[in-house]
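What follows is one structure encoded as C-alpha cells, with my remarks underneath.
Quick note: the coordinates plus some simple rules give every number you see, no bench work behind them. This structure is a prediction, so every number in the text was calculated from the model and none was measured. Using ideal geometry, Cβ is built from the backbone for each residue, glycine included, and neighbour counts are taken over all protein chains shown.
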Amino acid sequence: MNAPAPGGSGRSTPPQRLSRRRVVAAAGAGFAALAAGGIIRESRRLETTRHALGAPGASGRLVRLAQVSDLHMHSFTPFFGQVVACLHDLRPDVVLFTGDMIERTAGLPALEMFVAECPRVPSFAILGNWEHWSGVSADALRRLYDRHGADLLVNRSTDLMLGDRRLRITGLDDLVGGVPDAAAALGPLASADSRNHLLLVHCPAARDACPLPVGHRADLVLAGHTHGGQIAPLGFAPVRPPGSGRYVAGWYRDAGPPLYVSRGIGTSLVPVRIGAPPEIAVFDWTLG
C-alpha cells in the first residue's frame, strides 16, 4: 500500500495504465529487435557441411576438398577471420574458390588478406559475375591469386597429382558475366580420360548450358551463386539471381553429372540471410 503524501488527502495514487496501443507498440518493438538480432546472427552463423564421394577401398586415395564461395568481401571483418580459422581446422588437401569473392576494386586488399591467410595447400579459383562487374581485370585477380599459391582457372583445365592419383580440375568462365567455353577449357588436354574430374562453375545453370565436349565427363560439379536463396524462410527461396536456373542449394543428382550448389559465405544487395546460413562445403573424395 502506498503511504499517504504529507499534507495530502490520504488516498494512494493508482499506477498509470498503459494504453493498448502502447502495449502493442512495445511488444512489436521487442519482437522486431529479437528478429533483427536473430537475422544478424544467422548471417554470421557459419556452417560446415560434409560430404563423402567415391568408393572407399584399399586402392583409393582419400582427398579432402574445401569449397569457399560468394564472399562478397568489402573489408576483412572478424567474420572472415572466423572463416579462415575454420578452413585451417578442416585441414583440407585442396581449397576451391568458386567466384563472387569481391564486388568492386576496393575489395581487393581484403581478398588478398583472406587468400594469404588460407591454408597453404593447392588452391584454385574461378570468376563469378561480380568479378566481371567489379571492373577488376582477370589479370589483376590472377596475379593476386598467384602471389598466394592459388591458380585462377578461366576456361582452363589442370591436372593435380595427389600421391599416385590425378585430379583433373576444370574451371569455366561465369555464365552471366563472362563467356564459358568448355571446349576451349578441355581442348588442349592430350588425354580425354576424365576419371576424377572436378568441374568448377559459378552459376549452377552452367551444368545444363555448358555441356562438356564428347569424350569428357565430370564426376563432380561445384557451383555457388544462389546463396541458397539468401532470404529463404522455411526453405522457400522466392528470389534467385539470373544464372541459378532450377537450382537453389545442396545436391542435384538427376540427369547430368552430380552437382553441389553451395550457399556461400557472404551476402549481396542486402546484408541479410534468412533460412540460408553461410556455408563451407567439405568433400571427402576417394579418388579411383
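Can you find even one residue in the range 97-104 that is in a strand (DSSP E or B), among the small types (Gly, Ala, Ser) and either in contact with a Gly (Cβ under 9 Å, 6 or more places away or on another chain) or under 20 Å from GLU279 (Cβ atoms) (or both)?
The first filter runs over the range 97-104 and keeps only residues in a strand (DSSP E or B), leaving 97, 102.
Checking the rest, the ones that are also among the small types (Gly, Ala, Ser) come to none.
Checking the range 97-104: not a single residue is in a strand (DSSP E or B), among the small types (Gly, Ala, Ser) and either in contact with a Gly (Cβ under 9 Å, 6 or more places away or on another chain) or under 20 Å from GLU279 (Cβ atoms) (or both).
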Report summary line: Across (1) assigned to a strand (DSSP E or B); (2) more than 21 Å from CYS203 (Cβ to Cβ), ALA66 clears everything bar (2)
**Report entry** Set VAL115, VAL63: member being surrounded by 21 or more Cβ atoms within 10 Å (Cβ to Cβ), of a type in the set (A, V, I, L, M, F, W, C) and under 21 Å from TRP251 (Cβ atoms)
**Finding:** VAL63
Report summary line: Looking across the range 194-230 at residues that are part of a loop (DSSP other than H, G, I, E, B) and β-branched (Val, Ile, Thr), the single one that is nearest to the chain's Cα centre (by Cα) is THR226
Query raised in the report: What number of residues within the range 69-84 satisfy the criterion of being outside any loop (DSSP other than H, G, I, E, B) and either buried (at least 18 other Cβ atoms within 10 Å of the Cβ) or within 16 Å of the chain's Cα centre (by Cα) (or both)?
Result: 7
Query raised in the report: Does the range 208-241 hold any residues that are within 27 Å of THR286 (Cβ to Cβ), surrounded by fewer than 19 Cβ atoms within 10 Å (Cβ to Cβ) and among the small types (Gly, Ala, Ser), and which are they?
Result: GLY215
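Quick check on the range 122-132. Is at least one of its residues surrounded by 15 or more Cβ atoms within 10 Å (Cβ to Cβ) and over 18 Å from the mean Cα position of the chain (by Cα)? Even if it seems obvious, please write down each step before you answer.
First, the residues of the range 122-132 that are surrounded by 15 or more Cβ atoms within 10 Å (Cβ to Cβ): 122-132.
Now restrict to residues that are over 18 Å from the mean Cα position of the chain (by Cα): 122.
Yes, that holds for at least one residue.
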Query raised in the report: From GLY266, GLY256, GLY177, which residue is part of a loop (DSSP other than H, G, I, E, B), in contact (Cβ under 8 Å) with a residue 60 or more places away in the chain and out of contact with any Ser or Thr (no Cβ under 6 Å at 6 or more places or on another chain)?
Result: GLY266
